[in-house]
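Enquirer: Please read through the structure below; I'll follow up with questions.
Values in this text are rule-based calculations from the coordinates and carry no lab data. None of the values given here were measured: they were computed from a predicted structure. Cβ atoms come from the backbone with ideal geometry, glycine included; neighbour counts cover every protein chain shown.
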Amino acid sequence: MAKKLFDILRPPTARGVLSPRPRPKLLLVVGLILITVYLINFTSHGRGYHVIPWRSRSAEGLKAETEEEKRIRETHEQALRDEFADEYQAAKSLPGNDAIYGNTLATLISKDIRSPEHDAVLTEAPKKPLGFAMDKPYVYNPYPAYHSSDWRKKHRGPYIACQGANGKTVEDMIVFKGHPHDFPPESFGSYDLLNMDGNLCFERETRLGPYGYSTVLKDGDPINWDLVNWGDLQEKCVSLNKERYDLTGTPNPYVRTVYPELFGAAEYPPPQGVSKQEVRSEHPIDEEQRKEARASEQASAHDNRGTTTDSEPEPKVEQRTAVLLRSYTGKKYTENDKQVMRALISELNLRTGGEYQVYLLLHVRDSSLDIFGDDLTYKYVLDQNVPKEFHGMTILWNDRSVWDIYTAMTEDNERSVHSAQWLSVQKFSLEHPEYDYIWNWEMDARFTGHHYDFLQKLQSFAKKQPRRGLWERNERYYIPSYHGDYDHDFRNDVEARTAGDQVWGPPELPFIKPIGPKPPVSSPEQDPYQWGVGEESDLITLGPIFNPVGSNWIIRDHVWGYSDANHDKLDLPRRTTIVTQSRVSRRLLNIMHVENLRGNHIASEMTPQTVALLHGLKTVFAPHPVWFDRPWNGTFLAKWFNPGPRGATGGEGSPMGWGRERRYQGSTWYYRADPPARMYNNWMGYEDTHVGGKAWEEKHGRPCLPPMMIHPVKEVKQTQPGFETHFELAYG
C-alpha cells in the first residue's frame with residue numbers, strides 16, 4: 001500500500017503539464033478550483049485587462065494538516081530524498097562524472113569556432129613567454145568602440161581613458177581560445193542565448209595577474225597596494241567623463257504621488273534646502289500632479305517599447321550602475337578577495353570611463369559605535385575592518401541608520417539584516433539618485449570571465465524579453481537539452497503549460513497602487529510577444545523567480561503588512577529567488593522604499609521580486625550557464641529541478657523546499673554546493689579532492705575554465721595536502 005502511494009506521489013519522469021502529480025485527496029479540490037477559475041475567467045472579464053487573481057487560502061481549500069497527513073507527507077519526502085541520494089551515488093560510475101573538474105590548457109579544442117562578432121573582440125597578444133601555455137594568448141576587448149564616429153554620434157560626451165592603480169591606462173585581459181575537450185555542455189542556461197562566447201578559457205595568472213596575483217610594477221617598483229585609493233581613482237574617472245552622464249539624478253517621487261498620505265511623514269533624504277519640519281507642513285499634490293510625476297518617473301526609467309524612427313537619434317545621456325559589494329565588520333579579506341575587487345573596479349569603472357562604480361557596502365554590526373556622529377569612530381571602523389586601499393569606496397551603515405528611516409517596521413525579525421538586507425540598498429539609492437541601476441553583489445560570488453561582458457550581456461538579454469509569458473518563463477530553469485531553443489521551443493512549451501493563467505499586469509489589490517504600465521491589450525493572447533521588447537528590466541536575477549507558496553521553502557511566510565480587513569497577509573501573491581545577487585532599477589528601489597515606509601515588508605529573498613509583481617514592473621531571470629558534477633540528461637534535470645505545477649520550479653514539490661535542497665549539492669550556482677569552491681581552488685592552483693596543486697599541474701597542465709558565474713566561494717587560500725571541499729547541510 002505504501003509503495004503504491006509513493007508511486008502516485010513521486011515526480012513523473014516524462015514531461016507533462018501537471019508535474020508532480022497531485023495527491024488523490026486533492027483531486028476533488030483541484031477540480032472545484034478549476035471550475036471556479038473557468039467561471040471567473042470567462043464570465044467576469046468582459047472588459048479591462050486580465051491580471052493575476054488574488055488567491056486566498058480559504059479559496060484554495062487549505063486546512064490544518066492532520067497527523068496522518070503529516071506522517072504520509074514526511075514519509076514521502078524522505079522517500080524522495082533517498083531516491084535522489086541513490087541517483088547521485090549511482091551517477092558516480094557514469095561516463096562524464098566529475099567532468100567539470102581537472103580541465104587544463106593542455107586539452108583545448110575547437111579554438112577557432114566562434115561568430116564574427118565574437119572573433120572581432122580578440123586580437124593576438126604581443127609575444128612574450130608564458131611558461132604554462134603552448135597556445136597563443138589573445139587580448140580580449142569586449143568594450144564598445146568608444147572613439148568611433150558611430151559611438152560618438154549616439155553619446156552626449158566623449159570617452160576619456162582612465163588611469164589604473166599603476167598610473168597607466170587599464171589594459172585589457174588575456175584569454176585563450178577554445179575549451180577543454182572533456183568539459184560538458186551547460187546543464188541550465190546557455191552561452192548562445194546570452195550571446196556570450198563560451199569557447200574561451202581563462203586561467204589564473206592572465207586573469208588576475210594585473211590585480212595582484214602577479215607582481216605589478218609602478219614606476220619600475222612593485223606596487224604598494226596600501227597606497228592605492230580605489231575610491232579616488234573611480235571619482236577621477238567619472239569626473240573626466242562627466243559630460244556623458246547625469247551625475248545628479250532625480251529624487252524619489254512616489255512618497256508624494258502614489259501614497260500622498262505619506263508625504264512629509266518620512267521623506268528621506270529631505271529635499272535640498274528644505275528642513276524636515278518644512279516638508280511636513282506642505283500639502284499633498286493633486287491627482288493631476290501625481291499623474292505627471294508618475295509619467296516623468298517612468299520616462300526617466302527608460303521604459304521604451306522598442307519603437308524606432310528613421311530620424312537620427314539624439315545623443316543620449318548614458319545610464320550608470322552602482323555595484324554594491326556586500327560585506328560586514330569582522331570579515332577577513334583574503335588576497336583573492338582583494339584581487340577580485342580590483343578586477344571589478346578596473347573592468348567596470350576605470351575601463352568604461354565611469355559607466356559603473358563599485359562600492360563596499362559595510363554593515364557595522366555593533367550599533368553602539370557612533371559612526372555617523374564621530375569622524376574618529378568612522379575611521380576606526382575602516383582601519384579595523386577594511387584594507388586601506390578600499391577605504392575611499394567604502395560606505396558604512398548600521399541597523400539604527402535604516403531603522404530610523406523605516407519606523408513602521410517594528411518587529412526585530414522583520415527589520416533584521418537577514419530579513420531586510422535591501423533596506424541599506426534603498427538608503428544608498430536615495431542618497432545616490434544618480435544611479436539608474438544597482439547590482440547587489442555577494443562577496444562569495446566569482447566570475448571567471450570578463451565582468452563587463454557578462455553584465456552587459458545580461459542587460460541585453462533582459463531588454464529583449466517580451467512581457468507575455470515572462471513571469472512564467474522566469475519561474476523555471478531553462479534546460480537546453482530538454483526544452484530546445486529558448487525563443488521558440490521553450491517559449492511555446494511554457495505557453496502551452498500556462499495558457500489562460502498567466503500574469504498580465506499587477507494583481508488588483510485595494511491597498512496597492514501599481515506604478516507600472518498597464519498591459520496594452522486585455523489578454524496575453526492578443527499580444528504577439530511585442531509588449532516589453534526594448535524595455536529595460538527593473539529586476540535581473542541569476543536564479544528562477546518562483547512562487548514560494550506551497551513550496552515548503554523555509555521563509556515563504558515571512559510577510560509583514562500587505563493586508564487589510566479582507567485580505568490576510570499570507571494570501572499575498574509573491575515571488576522569490578535564492579541568492580540575492582541581482583540588478584535592481586532605481587524605480588523599483590524607490591517603490592520598495594515607499595512600501596517599507598507604509599509597513600509593508602517581506603523577507604529579503606522575496607522583496608524586489610514581490611514588489612515588482614505587485615506594481616507591474618518588468619523582471620527577468622537571465623539563464624546564465626550552470627553545470628552539475630553528474631552527467632545528468634535534460635529529462636532527469638526537469639524531473640528534479642522543475643517539478644512544480646505546470647513544470648515550474650516553485651510551488652508544491654519545489655527543490656528549494658525544506659529537506660530538498662541537497663539536490664543542489666553538485667551545482668555550480670546555489671547558496672550551498674560543492675563544485676564552486678572545489679573548482680575555484682583547483683583554478684587558483686590549490687589541491688582539492690585529489691585535483692590541483694603544483695605536482696598535479698606539472699603532470700596535467702594549468703587549469704582553465706570557461707566564463708562562468710559560481711557561488712559560493714569562501715575563504716580562498718592555500719589548502720593543505722589531502723584537503724577536500726565538503727557540502728554542508730544539516731538536513732536532506
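Enquirer: Take LYS111, LYS316 and order them by how many other Cβ atoms sit within 10 Å, fewest up front.
Expert: On the way: LYS111 16, LYS316 11.
The fewest-first ordering by Cβ neighbours comes to LYS316, LYS111.
Enquirer: State the extension gain, in nm to one decimal, for the chain segment bounded by ARG400 and LYS92, taking 0.36 nm per residue of separation less the distance between their alpha-carbons.
Expert: Working: separation 308, 0.36 × 308 = 110.88 nm, distance 5.04 nm.
Residue separation times 0.36 nm, minus the Cα-Cα distance, leaves 105.8 nm.
Enquirer: Would you mind calculating the gained length between PHE727 and VAL139 on full extension (0.36 nm times residue separation, minus the Cα-Cα distance), in nm to one decimal?
Expert: Details: separation 588, 0.36 × 588 = 211.68 nm, distance 3.68 nm.
Separation in residues times 0.36 nm, less the Cα-Cα distance, equals 208.0 nm.
Enquirer: Mind pulling up the Rg/Rh value for the stretch 653-699? Radius of gyration and Kirkwood radius, both on Cα. Mind showing how you got there, number by number?
Expert: On the way: Rg = 14.2 Å, Rh = 12.0 Å.
Dividing the radius of gyration by the Kirkwood radius yields 1.18.
Enquirer: If the reach is capped at under 23 angstrom between alpha carbons, list the lysines near LYS639, excluding any in the same chain fewer than eight residues apart.
Expert: Leaving aside lysines fewer than 8 places away in the same chain, those within reach of LYS639 are LYS3, LYS4, LYS25, LYS92.
Enquirer: I would also like to ask the following. Rounded, prolate or oblate: pick one for the stretch 376-475, where a ≥ b ≥ c are the square roots of the eigenvalues of its C-alpha gyration tensor, a/c under 1.5 means rounded, and failing that, prolate if a/b is larger than b/c, else oblate. Mind showing how you got there, number by number?
Expert: Numbers: a/c = 2.34, a/b = 1.36, b/c = 1.72.
Note, shape of the stretch 376-475 comes out oblate.
Enquirer: Let me ask another. Please find the FRET efficiency linking SER368 to LYS332, where r is the Cβ-Cβ separation and R0 is fixed at 30 Å, and quote it to the nearest 0.05. Show your work: numbers first, answer last.
Expert: On the way: r = 22 Å, r/R0 = 0.74.
So, using R0 = 30 Å, E works out to roughly 0.85.
Enquirer: Given a Förster distance of 60 angstrom, what is the FRET efficiency for ALA64 paired with HIS147, based on the Cβ-Cβ distance and rounded to 0.05?
Expert: On the way: r = 69 Å, r/R0 = 1.14.
E between ALA64 and HIS147, to the nearest 0.05, is 0.30.
Enquirer: Full-extension gain between ASN566 and TYR671, please, as 0.36 nm times their residue separation minus the C-alpha to C-alpha distance.
Expert: So the extension gain works out to 34.1 nm.
Enquirer: Rounded to two decimals, what is the ratio between the C-alpha radius of gyration of the stretch 540-598 and 2.2 N^0.38 Å?
Expert: Numbers: Rg = 13.0 Å, N = 59, 2.2 N^0.38 = 10.4 Å.
Computed over Cα atoms of the stretch 540-598, the ratio equals 1.25.
Enquirer: With 10 angstrom as the radius, rank ASP629, ASP399 by how many other C-beta atoms surround their C-beta, starting from the fewest.
Expert: Working: ASP629 25, ASP399 19.
Ranked by crowding around the Cβ, least crowded first: ASP399, ASP629.
Enquirer: Where does each of 217-226, 593-602 land if you order them by average Cβ count within 10 Å, highest first?
Expert: Details: 217-226: 10.9, 593-602: 24.5.
Sorting 217-226, 593-602 by mean packing, highest first, produces 593-602, 217-226.
Enquirer: Continuing with this model, one more query. Give me the aspartates and glutamates in straight-line cross-link reach of LYS694: C-alpha distance below 18 Å, same-chain residues under 8 apart excluded.
Expert: LYS694 reaches GLU203, GLU205, GLU724.
Enquirer: Then there's this: Give the aspartates and glutamates reachable from LYS242 as a straight Cα distance under 13 Å; neighbours fewer than 8 places away on the same chain don't count.
Expert: The reachable aspartates and glutamates, counting only those whose Cα sits under 13 Å from LYS242, are GLU318, GLU355, GLU434.
Enquirer: At 37 °C and 0.692 mPa s, what whole-number value in µm²/s does Stokes-Einstein give for the translational diffusion of the stretch 619-677, with Rh from the Kirkwood sum over Cα pairs?
Expert: On the way: Rh = 12.3 Å.
This corresponds to a translational diffusion coefficient of 268 µm²/s.
Enquirer: With the crude spin-label approximation of a point 7 Å out along Cα→Cβ, what separation in nm comes out for GLN163 versus THR250?
Expert: So the label points at GLN163 and THR250 sit 3.8 nm apart.
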